[in-house]
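The values are calculated or read from the model by the stated rules, or taken from the named source; none is laboratory data. The structure displayed is predicted, hence computed values, not measured ones. Cβ coordinates were reconstructed from backbone atoms using ideal geometry, including for glycine residues, and neighbour counts include every protein chain displayed.
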Amino acid sequence: MKMSSKHPYAVYIDDVDFDEMTDDLWMEIGKIHMKNLVTIIRNCNVKHKDISKWTKKWGPSRYSGMYFLSLHYPEYSAKEIIIMALKDNPKIAPAHCDLVKNRFKTKGPSGTQRVTDMRDKRGDHTGIFPDGELKWHSNEAGNHVFAPSVALLGVQNMEGSSTGFLETATYYENLSESFRSELNDMIVIHRHKPGMLHVKDLKDQEEMMRLNMNPEPESYLPMVIQSPGGIKGLHYSINTVDGIVGMSKEESGKLFEKINKELMQYAWDHWYENDNDWLFFDNSITNHRRLGEVNNRLGLRIQHGYENIQIKNYNPYFQEEHSKIYDDRLAALYKFTKDNFNED
Ligand SMILES: [Fe+2]
């Protein structure tokens, strides 16, 4: 196993053989990843059927979409909602039927979701984000219990495209003490802003993305949080930040302009040289994006937590009110998953 680094909080790992992988070595890689924000295992021979086996050793999968959708239908279980939605039952809103159908149509092996432009015989998409560039964002940004990590394994035609990263920790560390303390006190208002993620029209996947990014009409989250490895930075997803509590629209607009401009010096893109790189990226204080060609490209994505490798008593939020919301919502999400899908 060889390690190298070209960017702050990012590490490349080469010569990892999953045929010889042990739990000890995997947890060691997890610890290295916790000290960073982006870890890329290049030219990775993990079997597709084993993806969730390995990611679950770091922490269970994390996705709040079905939980939030279920809140609209308190009289039904998640399974009943899914069955009705797949049959276009009028008791379920059309946008929610689309969402459930899209979740099913885009399912990959081992609990993954396909990211691809490929279509089935009927002409339906078999993956999310079927075409075009993806602008800077972090997943589930307007949700206190956003997924801490995204794992993306390349499968085919990844060359000619990139996954880019914009970590906010180095930016935060290099700011003046006084601006840092202003940021520490800020509460950001997140709203869904159509067109701010995907360059092309998302059509029937729009509702899936809205519910993914910002399940409530607006949400209030602290600007400064810590990653599961204890790295401080900004929870600042460029596609959802839409205001600061106590600031006018004009004032917050100016602040966002300044941050966006200054942050860009820390942006970098991983242009694929292999079809089978496995990328693990922080989703708490890091934005990601996609550039390049995506014809017949296929990646397998899983959102997960770091419960087994994160710092002790981890909570992303330093403000008591938000730290409590996190604990309560995470407990509710775990319970929902256990009750409805028999998963811990
Ligand atoms: Fe994403």
* To do: Scan (1) surrounded by fewer than 22 Cβ atoms within 10 Å (Cβ to Cβ); (2) in contact with a strand residue (DSSP E or B) (Cβ under 6 Å, 6 or more places away or on another chain); (3) closer than 22 Å to K49 by Cα for the single condition R114 breaks and write down its number.
  => (2)
* Please work out if N283 is closer than 21 Å to W58 by Cβ, within 16 Å of the ligand (Cβ to nearest atom) and not aliphatic (A, V, I, L, M). => yes
* Matching option when the condition is within 20 Å of F281 (Cα to Cα) and either surrounded by 14 or more Cβ atoms within 10 Å (Cβ to Cβ) or touching a residue at least 24 places away in the same chain (Cβ under 8 Å) (or both), among S77, S70, S52 -> S52
* Close pairs (7 angstrom Cβ cut-off, 6 or more residues apart or separate chains): hydrophobic (A, V, I, L, M, F, W, C) in segment 319-335, part of a helix (DSSP H, G or I) and surrounded by 14 or more Cβ atoms within 10 Å (Cβ to Cβ) anywhere -> L333/Y67
* Asked: So N296 clears everything in (1) part of a loop (DSSP other than H, G, I, E, B); (2) surrounded by 18 or more Cβ atoms within 10 Å (Cβ to Cβ) except one condition, right? Which one?
  -> (2)
* Could you check, for segment 222-238, whether at least one of its residues is within 16 Å of the ligand (Cβ to nearest atom) and within 19 Å of F129 (Cα to Cα)? => yes
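Conditions tested, residue by residue: (1) of a type in the set (F, W, Y); (2) under 27 Å from Y67 (Cα atoms).
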| site | (1), (2) |
| --- | --- |
| E216 | no, yes |
| Y220 | yes, yes |
| S227 | no, yes |
| S237 | no, yes |
| S252 | no, no |
| K258 | no, no |
| Q265 | no, no |
| N274 | no, no |
* Asked: Residues in segment 299-316: is at least one at pLDDT 95 or above, surrounded by fewer than 20 Cβ atoms within 10 Å (Cβ to Cβ) and within 16 Å of the ligand (Cβ to nearest atom)?
  -> no
* Flag if M158 is crowded, with 21+ Cβ neighbours inside 10 Å and among the hydrophobic types (A, V, I, L, M, F, W, C) -> yes
* Mind checking whether some residue in segment 241-252 is within 17 Å of the chain's Cα centre (by Cα), closer than 30 Å to T116 by Cα and not in a helix (DSSP H, G or I)? -> yes
* Pick from segment 4-28 the residues that are touching a helix residue (DSSP H, G or I) at 6+ places or on another chain (Cβ under 9 Å) and part of a helix (DSSP H, G or I): which of them is surrounded by the most Cβ atoms within 10 Å (Cβ to Cβ)? -> W26
